[in-house]
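Visitor: Here you go, one structure.
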Amino acid sequence: MAFIDIVLRRPSYGWQDESGNLVKPSPGQLFKEFFHRLNVIRDKRNWLPFMSWLKVLIMVPFLALFIFKFFSWGLLLAAFVYSMFIMGTHGTIWHHRYCTHRAYTFRNRFWQFVTQNLTVSMIPEEIYVVSHHVHHVKSDQPGDPYNAQGGFLYCFLADVNHQPIAWDLNEAQYGRVRSMMRHTGIRANTYKQYVKWGSYQNPGRAILYTLANWSFWYGAFFLLGGHALACTLFGAAGFWAVGVRTFNYEGHGKGENRQREGIDYNRRDMSVNQLWPGIVAGEWHNNHHLYPRSARSGFKPHQVDMAWYYIKLLSMLGAVSSYQDSKEDFYERYERPHREGKSLPQEELREV
């Protein structure tokens, strides 16, 4: 089997049935798989998805303190801006365009480190990156780890049920995982450590990194606005971490073909351009599936792309040494021919 078919840990209900059709598990099956894979007592190799959701749960008291003790309209506005715009845009800049697609390169490790830590750390890079490569190759097909046709819960619980890397990779296969992640700056487990922990990242280093990131940001927020602001923004980070798990279900039409003529040009899958994710996070999803390695996905004038503005700014400052921008190619191959009533090019599978 191809590497992309085995790199993710297969769920107990499988990806497809004997006829090759997508398996659509029941809510009961999905929750059973979810809690089974969070059980670190049964198997310590479940540590990474457990830690990912533990980070969300830790944010609940901060959110409660904001709501019941520190609430003000000003802090509500701060929470809205931080969770929607800042956390959302950072996810696109770091996890999506850099860690997964290498749409741009940093001049040095300093700027890479700064960009990685622009916000409160919530989503493990390993869970995001490897599975997202699979998503692009198998988009809306069996094996897509967050296939919207599987339903809302299929996508929402995917970071536990479908996205972690497999535990039985051989050394050469694990080497390919390392090649996917090496540029991110996340230090890799040796193959022996991978067999022990079932992950690319070591749990000890992951915990220390999270504690350092959280300590820095809580201290910074406290200096700016005391415990009230710190609790508000930490609670907002947790709110975003839950909300982002709903995106792919919406971004692929809730499992239905909702693409619009002259708006969604990529027809290889059911991805759609949506106004709100585009504005708050630069996530014009159909454009992105058309040009996965572009550092810009907001091609049209109304398609605000704050992630691209950050990348472009760093390039102007010399912090980003190179980037890919597919805007001109988009207009030449799709937008102008559509306006002129010409036939559009046959879509080939682009490198992700």
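Bear in mind these aren't lab numbers, they're just calculated from the coordinates by the rules spelled out. What you are looking at is a predicted structure, and each value in this text was computed from that prediction instead of being measured. Backbone-built Cβ (ideal geometry, glycine too); neighbour counts: all protein chains shown.
Visitor: How about Lys24: which aspartates and glutamates have a C-alpha closer than 19 Å to its C-alpha, ignoring those fewer than 8 places off in the same chain?
Guide: Asp5, Glu33, Asp140, Asp144, Asp159, Glu250, Glu256, Asp269
Visitor: While we're on this one: For Lys342, go through the lysines and keep the ones whose alpha-carbon is under 27 Å away, minus same-chain ones fewer than eight residues off.
Guide: Lys300, Lys327
Visitor: Can you give me the span-like helices of the chain, meaning DSSP H runs with 20 Å or more of Cα extent along the axis and Kyte-Doolittle mean at or above 0.5? Mind showing how you got there, number by number?
Guide: Values: long enough: 47-65 (28 Å, 1.76); 203-243 (32 Å, 0.96).
Helix filter hits for the chain: 47-65, 203-243.
Visitor: Which distance in nm do the two modelled labels at Lys196 and Val137 give, with both placed 7 Å along the Cα-to-Cβ direction?
Guide: My value for the distance between the label points is 2.9 nm.
Visitor: Please enumerate, by chain and number, the lysines with C-alpha under 28 Å from the C-alpha of Lys55, excluding those fewer than 8 residues away in the same chain.
Guide: Lys32, Lys44, Lys69, Lys192, Lys196, Lys254
Visitor: Related question: So, by mean Cβ neighbours within 10 angstrom, what's the order for 63-73, 98-108 with the highest one leading? Could you put the intermediate results ahead of the total?
Guide: Details: 63-73: 14.3, 98-108: 19.7.
Going from most to least packed, we get 98-108, 63-73.
Visitor: Still on this structure: So if I average 1/r over every pair of distinct C-alpha atoms in segment 133-191 and take the inverse, what Kirkwood radius in Å does that give?
Guide: Details: mean 1/r = 0.0774 Å⁻¹.
It works out to 12.9 Å.
Visitor: With an 8 Å Cα cut-off and a minimum separation of 6 or more residues, compute the relative contact order for the chain in percent. Before the final figure, lay out the partial values.
Guide: Details: 516 pairs, mean separation 82.6, N = 352.
For the chain, the relative contact order is 23 percent.
Visitor: Residue-wise, which Karplus ³J(HN,Hα) couplings in Hz belong to segment 331-343, taking 6.51 cos²θ - 1.76 cosθ + 1.60, θ = phi - 60°, and x for glycine or proline?
Guide: Values per residue, Gly and Pro as x: 5, 5, 8, 10, 5, 5, x, 5, 5, 8, x, 8, 6 Hz.
Visitor: Turning to a different aspect of this structure: Work out how much length Asn108 to Glu335 would gain on full extension: take 0.36 nm times their residue separation and subtract the Cα-Cα distance, in nm to one decimal.
Guide: Values: separation 227, 0.36 × 227 = 81.72 nm, distance 3.60 nm.
Once the chain is fully extended between Asn108 and Glu335, it gains 78.1 nm.
Visitor: For every helix of n ≥ 4 consecutive DSSP H residues, a contribution of -39,500 (n - 2.57) applies; sum these over the chain, divide by its total residues, and give [θ] at 222 nm rounded to the nearest 500 deg cm²/dmol.
Guide: Using -39500 (n - 2.57) per qualifying helix, the result is -14000 deg cm²/dmol.
Visitor: Right, another one. State the extension gain, in nm to one decimal, for the chain segment bounded by Leu54 and Ser12, taking 0.36 nm per residue of separation less the distance between their alpha-carbons.
Guide: Values: separation 42, 0.36 × 42 = 15.12 nm, distance 2.30 nm.
Length gained between Leu54 and Ser12: 12.8 nm.
Visitor: Taking a ≥ b ≥ c as the square roots of the eigenvalues of the Cα gyration tensor of segment 124-274, is the shape rounded (a/c under 1.5), prolate (a/b larger than b/c) or oblate? Please list the in-between numbers first.
Guide: On the way: a/c = 2.41, a/b = 1.15, b/c = 2.10.
It comes out oblate by the Cα gyration axes.
Visitor: Counting alpha carbon pairs within less than 8 Å and at least 6 residues apart, what relative contact order, in whole percent, applies to segment 23-123? Provide the component values of the computation, followed by the final result.
Guide: Working: 27 pairs, mean separation 21.7, N = 101.
21 percent.
Visitor: Stretch Ile263-Leu313 to full length: gain in nm at 0.36 nm per residue minus the Cα-Cα span?
Guide: Working: separation 50, 0.36 × 50 = 18.00 nm, distance 2.74 nm.
Taking 0.36 nm per residue and subtracting the Cα distance, the gain is 15.3 nm.
Visitor: While we're looking at this one, here's another question. What is the set of long-range amide H partners of Phe106 at a cut-off below 5 Å, with H atoms built 1.01 Å from backbone N?
Guide: Ser321
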